[in-house]
1. Keeping all protein chains in place and using 1.4 angstrom, which order do 726, 94 fall into by accessible surface area, from largest down?
2. With just the Cα atoms defining each centre, how far is segment 357-382 from segment 489-538? Give it in Å.
3. Farthest toward the dipole's positive end in segment 414-541, which of 487, 440, 467, given Cβ charges of +1 (Lys, Arg) and -1 (Asp, Glu) about the Cα centre?
4. Sum up the charges of everything whose Cβ sits under 15 Å from the Cβ of residue 197, counting Lys and Arg as +1 and Asp and Glu as -1, but leave residue 197 out.
5. Could you give the size of the charge dipole of the chain about its Cα centre, using +1 on the Cβ of each K and R and -1 on the Cβ of each D and E, expressed in debye and rounded to the nearest 20?
6. Would you mind calculating the relative contact order of the chain from Cα pairs under 8 angstrom and at least 6 residues apart, reporting the percent as a whole number?
7. From the helices alone, meaning DSSP H stretches of at least four residues, give me the mean residue ellipticity at 222 nm for the chain, per-run term -39500 (n - 2.57), in deg cm²/dmol to the nearest 500.
8. Which whole number in µm²/s is D for segment 144-272 by Stokes-Einstein, with the Kirkwood Rh taken over Cα pairs at 20 °C and 1.002 mPa s?
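The values are calculated or read from the model by the stated rules, or taken from the named source; none is laboratory data. Since we're looking at a predicted model, the values are computed, not measured. No Cβ is skipped: glycine too gets one built from the backbone with ideal geometry, and neighbour counts run over all protein chains shown. When the accessible area is computed, the model is the full protein with side chains, heavy atoms only, and any ligands, DNA or RNA have been set aside. Shrake-Rupley method; radii C 1.70, N 1.55, O 1.52, S 1.80 Å.
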Amino acid sequence: RSDGMNRLGQADSPYLLQHADNPVDWYPWGDEALSRAREEDKPIFLSIGYSTCHWCHVMERESFENEEVAAALNKHFISIKVDRESRPDIDEIYMLATQAMTGRGGWPNSVFLTPSGEPFLAGTYFPRPRFLALLEAVVKEWSGNRKAILVNAGRVADYIRDHQSRRLQASQMTPAVFAAAAGSLLSGFDDLQGGFSQAPKFPHESILAFLLHRAGRDDDRAALDAALFTLNAMQIGGIHDQAGGGFHRYSTDNAWLVPHFEKMLYNQAQLAPLYARAHGLSGAPDLARTARRIADYVLGDLTSPEGGFYAARDADSEGKEGLFYIWTRDEISALLPPDDAALIIDIFNISKGGNFEGGNIPHLERNLTDLAIERGQQPEEFTRRVDALLERMRAARAKRPEPHRDEKILTAWNGMMIAALAECGDLLDEPRYVEAAARAAELLWSRARRADGRLWRVIFAGRSGTGAQQEDYAWLALGMIRLYDVTGNSLWLERAAQLAEKMIALFADETAGDFYLTEGGGELFSRPKMKYDGATASGNAAALEMLALLSRRRPDPDHSRRAEAAIAALSGFAAAAPAAHAYGLMAADAFLGGPYGARAFLGQGALKAEARWHGQEVRVVLKLAPGWHVNANQPLDKELIGTRLEVKAAGGHDWSAPQYPDPVLRRLNFADKEMALYEGEAVITLTAGQPRENKEMGRVVLSLEVQICSDEICLEPQRALLHLPYGA
C-alpha cells in the first residue's frame, strides 16, 4: 500500500496497530479474510496476542518485520492478527486447540487453519529459523497431503466442539462439597513461599477469593492462614511494584521476586479488594496499605481523562524487559539523602551486583510493620517515612522512557475495576475510590451502551467498537451492583438489572443453564463458553455471582431461578476440579449458604442491614424500602417475631446489651389494634468493651433476626449474619 500500512491501520486495537506497518499482509479477523482464504484455497495463519505481551514483541521483531518471512506468508497464506483482549471468543477456541495439540499454551498463539477455520497445527512463539522451516513444511503438506490435514483439522474441531458443549451431571452443592473444595485447594498450597503452584507463580486471585470467603463466613482458619500468607508473600516480593504500586502479572520464580513485568488492569481489579478483605479479617495495616497502593496506581497511571481504565502497561521499555522498574545503588544514592538512601538500600535489598540484568528489583524480607518493630520504631511513622521515599523514587522513575500503555478501555475489565474501587472505598473508608468507580460506570453506560441496549466491548481513541461478549455484561453489572451497595443509589441497581436481562436474552443456554460467550450466528466453527477460571474468573462464574446478588436485592424470582440453574451447570465441573472453578464455588456458596460481609439484603431487597464501627460502638442500620416494615424488638402482640440482634462471635470484647430504637405505633390493614414497628431507617447500637488481655482480638459476627412485612403480607422470619471488619 502507498501509505506503508497493511489492513490493520484502522483497527481499534493497540496490538493490531503495532503490526500495521509490518510487511506481512495482515487481515483483522472477519468475513474479508475468511472469504479470501476460501476463494484462493489457502491455509490461514492466525496469530493471537496482545499489545503488552513480551514474546509477541520478540516474534514481531524476529519474524513479522522480516521480508523473507513476510514473502512466504503473503504468497502462501492468509494471515490474520487477533487481539485476544478484544476477542476473547477467538482466543478461547484457538487456545484450546493449541493446548490440545501441544499440551501447553501461551502468547503469541500461532495457529494454522483450514479456509473453514478449523485448526490443524499450532504452537506459541517460534524463533525465525524454525518458523520459516515450519511455513515451508505447511506449504508442502497443503499441496501434497491435503486430505490428511483436513482429516486432522476435523478431529481437532470435533474435540473443541465436544469440549465446549460438554456437560457433567449436576452435583448437590452441600456444605460438605464446599469444605472438600477448600481442602483440595489447600492441598496445593505452598506453605514455604505462598501461592498455589510452582514457578511460574501466578496470584490465582479466584482461589484467594474463595479462601477469604470461607475464612470470613465460616471461620475457616486454615483458609485464612493460607490466604494471608500468600498475600503477604506477594506484597513484599518483586511482583509488587514497590516504588510505584500495583502488581505485575506473575512471578517467574517461586519466591515472588522476579516478575514478568506486565501490569494488567485485571490483576489490579482482582487483587485490590482481596487485600482490603484480608485487612478486614486480620487488621494487618500492611494489607490495607497494599490495597490502597493498587487503587492509587490505577487512578494515577491507568485512568483515562474521561475516567475509564486502560488495559495494561507493557513489560518492555527501550527494547528490554523490566528496565523501567529496576534500580542500582548509585541511582538511589544520587536521588536520596545519605540516611534515606541507606534505609532504602537496606530494607529493599539493593545490592551492588543486583538481582536482575545488573540492576535490582526492590523487595522486602518482611512487611513494613514487622521491620519497624524489629528496629524499635513506631510502625505508622516508619511506614510514612518509607512511603515518602518511595514516592520520590516513583517520581524520578517517571522521567525514564516509559513502557507502552495499552489505552483501550475494555468493558469487562472496567466492570471489574469499578467493583474493586467501590468495595475498596467502602472497606477502607476512601470516598474518592467510590467517586472514581461511579465516574467510570457513567462513562461505560454512556459510551459502551448502544441504542438497542447491547454493549460495545472496546472504547479506543474516541471510538466505541467490537461487539461485547457475555463477560462484559456480567462484569459491568457486578460493578454497578457494588456501587449500589455502597451508595444506596437505586439507579445503579436498575442499570445492573437491565444488563442482566440483556445478557440472558443474548447468551443464555436454556438447556444447560449457563451462558455462551458470544451471540449466536458468529463466524467461529464452535460457539464458545467461558467455563473455567483463568487469569480472570470465568464469564459464567461472574454471571452466577451477578444473578445471585440481584436475587437478594430485587423482587425478581427469575434471577434466583437462573442462579440455581447456573449452579447446577457448574456443580459437576466444580466438584471434579475446584481449582479451575474457585470463583464459581465462592459465588455458589454465598448464594446457597449466605454471603459474607457487614451488609446483608433480606426480603429480596425490602431490607438492607449494615453494621459499622463507630469508635467502640457498633451501629446496625436497618433501611426498609417504602411500604415495608419490621416488628420492633418488643412487639405489642406476643405472637409476632420481634427484631433481635445477638453477638455470635465477640472478637475478644465484652459487649453491652443492644440498644433498640423507639418503635413507630401504627395500625395496619390486617390488624385491629396498633403495632410496634420499625420503618424507614432504624439504628440498633451496642458497645464493645476494651478487650481483655487474655482474649485474642478477632472477628465479630452479629446475628440479626427480623420479620419483614407490608400492610398486606408478612414474609417468613429471616436471619442474617453480619461480619464486621477487624476493628476497635
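1. Final ranking, largest accessible area leading: 726, 94.
2. For segment 357-382 versus segment 489-538, the Cα centre distance is 45 Å.
3. Checked the options; the winner is 467.
4. Local net charge: -2.
5. 540 debye
6. Taking the mean separation of contacting Cα pairs over the length of the chain, I get 10 percent.
7. The helix contribution divided over the chain gives -14000 deg cm²/dmol.
8. Reported coefficient: 124 µm²/s.
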